[in-house]
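Visitor: Let me give you the structure first, and then I'll get to my questions.
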Amino acid sequence: MLDSTKKQRIAQPYMWAVIALGAVACAYTITQLEIHSLGLRFALIGLVTLAFGSRVYVKIPRVRGQISVSDTFSFLVLLLFDGEAAILLAAADAFCSSLRMTKKKSVMAFNAAVYVCSTFVTVAVLRLGFGDIRSLPLGDQSVYISAVCAMALVQYILNSGLVAVGVALRSGVPLWQMWRQNFLWTSITYFAGASAAGIIAKLVESFGLYAFLATAPIVVVVYFTYCTYLKNVEASTKQADLARQHALEVQQHMEALRASEERFRSAFDNATIGMGVVSLEGRWLQVNRSLCEIVGFGEAELLESDVQRVTHRDDLVALDEQMQRFAVGSVSSHQTEVRYCHKGGKEVWTHLGMSLVRDGEAKPLHLIFQIQDITDRKRAEEQLLHDAFHDALTGLPNRALFMDHVKMAIQRSRRSGDRLFAALFLDLDRFKVINDSLGHMVGDQLLVGIAHRLEACLRPGDTVARLGGDEFTILLEDLTGTEDAIEVARRVQEAVTQPFNIGGHEVFTTASIGIALSNTGYERAEDLLRDADTAMYRAKMEGKKRHVVFDKGMHDRAMELLQIETDLRRAITRKEFFLNYQPIVSLATGKVLSFEALVRWRHPERGLVMPSEFVPVAEETGLIVPLGLWVLNEACRQMRSWQKQGLAGEQVTVSVNLSSRQFSQADLIEQVSSALRESGLRPANLKLEITESMVMENIDTAIDMLTQLRGLGVGLAIDDFGTGYSSLSYLHRFPIDTLKIDRSFVTQMTDNAENAEIVRTIVTLARSLSMDVIAEGVETREQLRQLGSLGCDYGQGYLFSRPVGAGQAVALLTDDEFTQLTDSLEVAEGALAA
């Protein structure tokens with residue numbers, strides 16, 4: 001079978017083929033036409049056909065088709081004037097009819113050709129089967145009827161067939177489907193038209209054309225009467241159809257209503273949420289199973305009671321007010337959350353949707369309740385709210401809730417100016433040691449125990465919160481004076497100091513507490529907490545295990561430190577730092593054999609800032625790492641510069657202090673190597689100083705780091721020896737070549753025999769380990785003499801020189817003043833011996 005695309009390609013050639021056949025048939029007909037035999041009768045019938053025949057149709061009731069008068073005239077001409085006249089009239093009639101339907105000339109030609117071809121074949125069939133066509137009306141009746149039927153059948157088959165093929169090819173629809181849907185019913189019109197033509201031809205042959213035309217007015221009257229009758233029949237039929245349609249719609253509406261009621265009943269009874277029909281007074285009229293499950297009552301129990309019976313008493317007033325608004329019709333729907341009392345005594349949270357149902361007069365009739373159990377959701381929300389404002393470990397209020405309480409305290413104090421309150425900021429001492437040694441589980445249990453003790457120390461109405469880590473805050477309200485807050489702080493410290501028994505461990509801790517009082521005048525909760533925190537840090541600095549009350553000076557100092565931190569960050573990039581150098585002198589020769597590089601800060605506004613002011617801030621903020629790296633690079637560069645200028649011998653070294661943060665840097669070895677490489681300084685001319693406490697924090701790691709540094713060839717010294725942890729048992733494991741005695745021992749050795757003995761012990765220890773000894777803080781000749789008598793190798797202090805700039809420092813290398821000092825020391829010792 002051909003597909004639709006191929007059919008559409010064939011449609012156009014098919015149309016032109018039909019047109020060509022029609023043109024050939026028409027041309028042949030013209031050659032065979034005997035014009036003289038037509039006469040006036042043919043002209044009259046032709047004129048009527050072309051002018052009126054194609055415009056007039058006779059409708060057949062309950063039939064899709066209608067009889068065209070022009071078809072009747074074409075058949076009549078065929079019977080009265082033979083085939084050629086009928087063919088030409090059919091062509092003219094088809095062309096005139098097409099003018100009213102289309103403007104396409106090809107379509108007009110196709111329609112005319114179809115009529116020509118179908119009429120041409122019809123004429124041929126009649127002549128072949130019945131002989132002379134014009135003699136048929138006067139011949140045998142049975143033959144005449146057969147001829148008329150054959151004429152209608154052939155004309156119908158050819159005419160509808162040719163058109164059906166063309167339409168089927170163009171649309172791609174199968175031919176039989178196209179014929180059955182659009183052309184099968186038209187057979188009635190062909191047979192009706194042929195029958196009418198046969199009767200008229202018989203009458204004309206019997207009585208003449210003019211006698212038949214005399215009856216034309218009667219035919220016209222009958223035609224219009226028939227048309228009127230058809231209209232009445234059509235109107236009656238439409239009315240009957242409308243009545244049937246209305247009855248059908250009513251029936252469908254009733255069925256839909258019943259189905260809707262059934263669906264509502266099913267949805268109502270089987271709904272997963274509670275549903276109920278409630279009167280305007282609040283009585284239950286209808287309830288479903290889910291509602292009974294929500295409140296725990298049976299259906300019969302609910303229908304005998306009202307809504308108010310199961311509603312929580314705290315929600316009754318709002319519910320009654322809402323139902324009154326429904327009763328007067330002021331609202332149509334409402335949603336809210338309502339608590340119901342379960343039959344078992346528990347409280348049930350629900351989401352209630354209420355809708356008003358009105359009667360036919362739009363008056364309030366009853367209410368529809370839709371009730372959804374949201375108890376689990378409400379509990380989850382309450383838990384989330386609790387978690388959002390409470391610490392998960394201790395259950396205490398967290399920072400957010402504490403700050404909210406402080407804000408409310410500030411507002412109450414603002415309304416009544418004599419209300420005094422205070423914030424206590426508490427931080428546990430040595431908590432990190434407990435965490436690191438006993439583990440985080442013990443640390444967490446300790447925090448929980450601390451929380452319980454803090455709660456026991458407070459009055460009702462006071463608030464204790466955990467901010468995080470080992471930090472707690474306390475809000476004390478309605479105080480009579482500062483002593484009340486101090487008394488609470490003492491109680492808290494006493495409670496915290498008591499030992500805790502956790503997992504078989506007896507754990508001790510203390511607390512540092514900062515106190516900020518409202519009489520300072522606070523507008524923001526953050527400021528109160530900030531000042532309490534500042535006072536707590538002051539307590540830490542003063543030795544921990546104490547409390548400090550905040551004053552304005554602390555805030556000023558905190559702001560100063562903050563400004564120092566800000567300026568410190570800029571100072572590195574702006575190159576505001578410089579180095580001073582303090583000589584280290586050989587007590588045996590009086591020669592300067594080394595310098596200690598000491599950083600200084602020339603602030604653009606504050607002038608010279610001493611290390612004691614900015615180094616602790618740099619340590620705390622981590623800025624000590626880039627600052628220490630700069631010091632290392634600058635010291636190496638300066639020493640190498642002196643060497644290149646011939647101002648310093650190969651034996652002169654430079655000492656650089658390493659901070660604890662620097663010492664813990666993973667790339668420290670690379671930093672030192674890079675400083676030596678970039679400056680060109682030999683490793684033997686660089687000595688790195690570390691404190692005793694730094695190496696004792698993690699002995700194994702420290703030994704590994706010191707070994708790597710020693711592998712570079714640099715010297716290593718322990719600074720401030722004797723003030724830190726007791727490292728005597730580990731000292732032999734450290735690859736150290738120098739011990740520096742802390743200045744606290746040196747400055748008091750002449751007045752305190754114990755300090756002198758400590759110095760002697762350190763010197764002896766260094767000798768036994770083949771280490772050099774440098775005494776720091778040498779300020780007097782007596783100290784120098786005593787150090788010399790103890791066998792100390794080197795001295796450093798104001799007696800020799802204060803820290804000076806690079807230019808002055810290099811001049812000390814050739815200064816013989818130190819030699820005179822040591823010479824006089826030898827003379828004095830000689831006299832003493834004599």
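Visitor: Could you please state how large a percent of the accessible area of the chain is carbon and sulfur, counting protein chains only and using a 1.4 Å probe?
Guide: Ligands and nucleic acids excluded, carbon and sulfur give 56 percent.
Visitor: Another one. By how many nm would the segment from Arg574 to Val107 grow when fully extended, if each residue of separation counts as 0.36 nm and the alpha-carbon distance is taken off?
Guide: Residue separation times 0.36 nm, minus the Cα-Cα distance, leaves 158.5 nm.
Visitor: Once you have all Cα-Cα distances for region 387-428, histogram them in 10 Å bins from zero and send the whole-percent values.
Guide: Per 10 Å bin, starting at zero, the Cα-Cα P(r) for region 387-428 comes out as 26, 41, 26, 6 percent.
Visitor: I want to verify the translational diffusion coefficient of the chain in µm²/s; compute it with Stokes-Einstein, Rh as the Kirkwood radius over Cα pairs, at 25 °C and 0.890 mPa s.
Guide: Values: Rh = 41.3 Å.
For these conditions, the coefficient is 59 µm²/s.
Visitor: Under a crude label model (7 Å from the Cα following the beta-carbon direction), how far is His440 from Arg9 in nanometres?
Guide: 7.9
Visitor: Turning to a different aspect of this structure: Once the piece of chain linking Ala327 and Gln383 is laid out straight, how much longer is it, given 0.36 nm per residue of separation minus the C-alpha distance between them?
Guide: This chain segment gains 16.3 nm when fully extended.
Visitor: For Thr750 paired with Arg546, estimate the spin-label separation in nm (one decimal), with each label point 7 Å from Cα along the Cα-to-Cβ line.
Guide: Reported label-point gap for Thr750 and Arg546 is 3.2 nm.
Visitor: What FRET efficiency, computed as 1/(1 + (r/R0)^6) with R0 = 22 Å and r the Cβ-Cβ distance, is obtained for Glu471 and Val433, rounded to the nearest 0.05?
Guide: 0.85
Visitor: Excluding ligands, DNA and RNA, what is the solvent-accessible area per residue of region 362-458 at a probe of 1.4 Å, expressed in Å²?
Guide: Details: 5250 Å² over 97 residues.
Heavy-atom accessible area per residue stands at 54 Å².
Visitor: Then there is this: What is the calculated FRET efficiency for Thr510 to Ala318, with r their C-beta to C-beta distance and R₀ = 60 Å, to the nearest 0.05?
Guide: Details: r = 54 Å, r/R0 = 0.90.
After rounding, the FRET efficiency stands at 0.65.
Visitor: Can you tell which of Gly131, Pro397, Ala197 lies farthest toward the positive end of the dipole of the chain, using +1 and -1 charges on the Cβ of basic and acidic side chains (Lys, Arg; Asp, Glu)?
Guide: Gly131
Visitor: Rounded to whole Hz and in sequence order, give me ³J(HN,Hα) for region 451-456 from the Karplus expression 6.51 cos²θ - 1.76 cosθ + 1.60, θ = phi - 60°, writing x for Gly and Pro.
Guide: My calculation for region 451-456 gives 4, 5, 5, 5, 4, 5 Hz in order.
Visitor: Taking just the alpha-carbon atoms of region 426-480, what radius of gyration and Dmax come out, in angstrom?
Guide: Rg then Dmax for region 426-480, in Å: 12.9, 43.
Visitor: Which value, in debye to the nearest 20, gives the size of the charge dipole of region 403-456 about its Cα centre, when Lys and Arg are +1 and Asp and Glu are -1 at the Cβ?
Guide: Taking the Cα centre of region 403-456 as origin, the dipole is about 420 debye.
Visitor: Quick one: length gained pulling Thr272 to Asp700 fully straight, 0.36 nm per residue minus the C-alpha distance?
Guide: 147.2 nm
Visitor: OK, next. Between Leu257 and Val24, what is the FRET efficiency for a Förster distance of 51 Å, r being their Cβ-Cβ separation, to the nearest 0.05?
Guide: 0.15
Visitor: Another question, then. Averaging over every viewing direction, what projected area does the convex hull of the Cα atoms of region 286-423 cover, in nm²? Write down the numbers at each step before the final one.
Guide: Values: hull surface 52.5 nm².
In nm², the orientation-averaged hull projection of region 286-423 is 13.1.
Visitor: At a 10 angstrom cut-off on C-beta neighbours, averaged per residue, how do the peptides 374-381, 619-626, 795-802 rank from highest to lowest?
Guide: Top of the packing list down: 795-802, 619-626, 374-381.
Visitor: Quick one: which residues, 5 or more positions from Leu467 or on another chain, have an amide H under 5 Å from its amide H? H modelled 1.01 Å from N in the peptide plane, none for Pro or chain starts.
Guide: Amide H to amide H, under 5 Å and 5 or more residues apart or across chains, Leu467 pairs with Phe472, Thr473.
Visitor: Sticking with this structure for a sec: What is the chain's relative contact order, in percent, from Cα pairs under 8 angstrom and six or more apart in sequence? Please report the intermediate quantities before stating the final value.
Guide: Numbers: 1207 pairs, mean separation 49.6, N = 834.
Once normalised by length, the contact order is 6 percent.
Visitor: Using the structure shown, list the pairs from Lys407/Lys545; Lys591/Lys644; Lys644/Lys687; Lys575/Lys740 with a Cα-Cα distance above 25 Å, or answer none.
Guide: Lys407/Lys545; Lys575/Lys740
Visitor: For every helix of n ≥ 4 consecutive DSSP H residues, a contribution of -39,500 (n - 2.57) applies; sum these over the chain, divide by its total residues, and give [θ] at 222 nm rounded to the nearest 500 deg cm²/dmol.
Guide: Counting only the DSSP helices, I get -19000 deg cm²/dmol.
Visitor: So what are the ³J(HN,Hα) numbers for region 305-312, from phi and the Karplus equation (6.51, -1.76, 1.60; θ = phi - 60°), rounded to whole Hz, Gly and Pro as x?
Guide: 3J(HN,Hα) across region 305-312, in whole Hz: 10, 10, 5, 4, 5, 9, 7, 4.
Visitor: Mind giving me the nanometre distance, one decimal, between the label points for Trp630 and Ser768, set 7 Å out from Cα along Cα→Cβ?
Guide: Those two pseudo-labels are separated by 4.4 nm.
Visitor: To test your reading of the geometry: what angle, between 0 and 90 degrees and rounded to tens, separates the Cα axis of helix 753-768 from the longest principal axis of the chain?
Guide: In the chain, helix 753-768 runs at an angle near 70 degrees to the longest axis.
Visitor: Could you bin all the Cα-Cα distances of region 603-725 into 5 Å bins starting at 0 and give me the percent of pairs in each, rounded to whole numbers?
Guide: For region 603-725, the binned pair fractions read 2, 10, 19, 22, 19, 14, 9, 4, 1, 0 percent.
Visitor: Less than 12 Å Cβ to Cβ from Glu692, Lys/Arg counted +1 and Asp/Glu -1: what total charge do the surrounding residues give?
Guide: -4
Visitor: Could I ask something else about it? In Å and whole numbers, how far do the C-alpha atoms of region 684-797 stretch along each principal axis, longest first?
Guide: 40, 29, 22
Visitor: Continuing with the same structure: Please list 3J(HN,Hα) in residue order for region 558-575, calculated via the Karplus relation 6.51 cos²θ - 1.76 cosθ + 1.60 where θ = phi - 60°; whole Hz, with x for glycine and proline.
Guide: Per residue, the Karplus-derived 3J(HN,Hα) values read 5, 5, 5, 5, 5, 5, 4, 4, 4, 5, 5, 5, 6, 5, 5, 6, 8, 6 Hz.
Visitor: Can you work out the accessible area per residue across region 251-334, with the rest of the protein chains kept in place, probe 1.4 Å, in square angstrom?
Guide: 59
Visitor: Sticking with this one: Using just the C-alpha positions of region 473-617 as equal point scatterers, what log10 of I(q)/I(0) does the Debye formula give at each q in 0.08, 0.09, 0.16 1/Å?
Guide: Log-scaled intensity ratios, in q order: -0.42, -0.51, -0.94.
Visitor: Same structure again: Taking every DSSP beta bridge that has both residues in the chain, what percent is antiparallel when rounded to the nearest 5? If you can, show how the numbers build up before the last one.
Guide: Working: 70 of 96 bridges.
Taking every DSSP beta bridge with both residues in the chain, the antiparallel ones total about 75 percent.
Visitor: Please determine, in degrees from 0 to 90 and to the nearest 10, the orientation of helix 525-541 with respect to the longest principal axis defined by the Cα atoms of the chain, where the helix direction is its Cα long axis.
Guide: Rounded to the nearest ten degrees, it is 30.
The values are calculated or read from the model by the stated rules, or taken from the named source; none is laboratory data. Since the model is a prediction, treat every value here as computed from it, not as a measurement. Positions of Cβ are backbone-derived with ideal geometry, glycine not excepted, and every protein chain shown enters the neighbour counts. When the accessible area is computed, the model is the full protein with side chains, heavy atoms only, and any ligands, DNA or RNA have been set aside. Shrake-Rupley method; radii C 1.70, N 1.55, O 1.52, S 1.80 Å.
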